[in-house]
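Structure record follows, encoded as structure tokens.
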Amino acid sequence: MSYDYVIRQYLKAIKDITLRHCKASDFVEFFRSESIRIEDEGNCQKPEIHVYLSDGKYFSYYGIPSMNELWPFLNALVRGSTGAIQLDSEELQLAKKVKGDIKLFVTPECTKCPITAELLYQVALVNRNVKLEVVDSELYDDLSKKYRVMNVPKIILNEKVEIPGGFPPHIVLKMLAKSSEATS
């Protein structure tokens, strides 16, 4: 089954974004348009995509979004273009309390990863104190070993705090906000 038609519909809503990539040409070329800028960074070992909005870096994706991770990635590009979020007022307050570097480890087959990815893409959008990196733990097995990733989704905050990502979004946000206070 081809998702080309659905992806083309997404592309109509994506604008004013820059995708800087390395070893992801086949994937990012599909996004090339007047309103999406594609730049080749060229010097890496494995695929990576860095997404920039007009006011700076939004997030990085280490790998090629596919299967269960493709839709949250596309939603993040639309959110970055439109500013649309789906956080309630309490979640938004908690998202603004999060500070630091977040690594989210995922796999394309993971069924809980898209929920956590959707949440963290929105956190990075509403809070510029957050640096988000989404990592395909199968492709970047070196990072998976370094951060002892046994299950996904797994969140690493500020290189110190490990948070399992399979909890409901408001619980993940509470853990991130509380851990941000403790590590800052």
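Can you tell which of 104, 74, 120 is touching a residue at least 12 places away in the same chain (Cβ under 8 Å), in contact with a strand residue (DSSP E or B) (Cβ under 6 Å, 6 or more places away or on another chain) and in a helix (DSSP H, G or I)?
120
What tally of residues in the range 25-36 results from selecting those that are assigned to a strand (DSSP E or B) and under 19 Å from the mean Cα position of the chain (by Cα)?
Count: 1.
Would you say residue 89 is of a type in the set (Ser, Thr, Tyr), at pLDDT below 95 and surrounded by fewer than 18 Cβ atoms within 10 Å (Cβ to Cβ)?
So residue 89 does not fit the description; no.
Could you list all residues from the range 37-69 that are in a strand (DSSP E or B), surrounded by fewer than 19 Cβ atoms within 10 Å (Cβ to Cβ), of a type outside the set (D, E, K, R) and touching a residue at least 40 places away in the same chain (Cβ under 8 Å)?
56, 60
Tally the residues that are more than 23 Å from residue 94 (Cα to Cα), hydrophobic (A, V, I, L, M, F, W, C) and in contact with a Phe, Trp or Tyr (Cβ under 9 Å, 6 or more places away or on another chain), restricting the search to the range 104-161.
Within the range 104-161, residues that are more than 23 Å from residue 94 (Cα to Cα), hydrophobic (A, V, I, L, M, F, W, C) and in contact with a Phe, Trp or Tyr (Cβ under 9 Å, 6 or more places away or on another chain) number 4.
Would you please name the residue that is surrounded by the most Cβ atoms within 10 Å (Cβ to Cβ), looking only at residues in the range 126-175 that are among the small types (Gly, Ala, Ser) and without any contact (Cβ under 8 Å) to a residue 60 or more places away in the chain?
137
Could you tell me whether any residue of the range 133-147 is assigned to a helix (DSSP H, G or I), modelled with pLDDT of 95 or more and of a type in the set (A, V, I, L, M)?
Yes: one or more hits.
In the range 41-85, what residues are modelled with pLDDT of 95 or more and under 14 Å from residue 22 (Cα atoms)?
46, 47, 48, 49, 50, 51, 60, 61, 62, 63, 64, 65
The values are calculated or read from the model by the stated rules, or taken from the named source; none is laboratory data. Because the structure is a prediction, the values reported are computed rather than measured. Because the Cβ atoms are built from the backbone with ideal geometry, glycine has one as well, and the counts that use them run over all protein chains shown.
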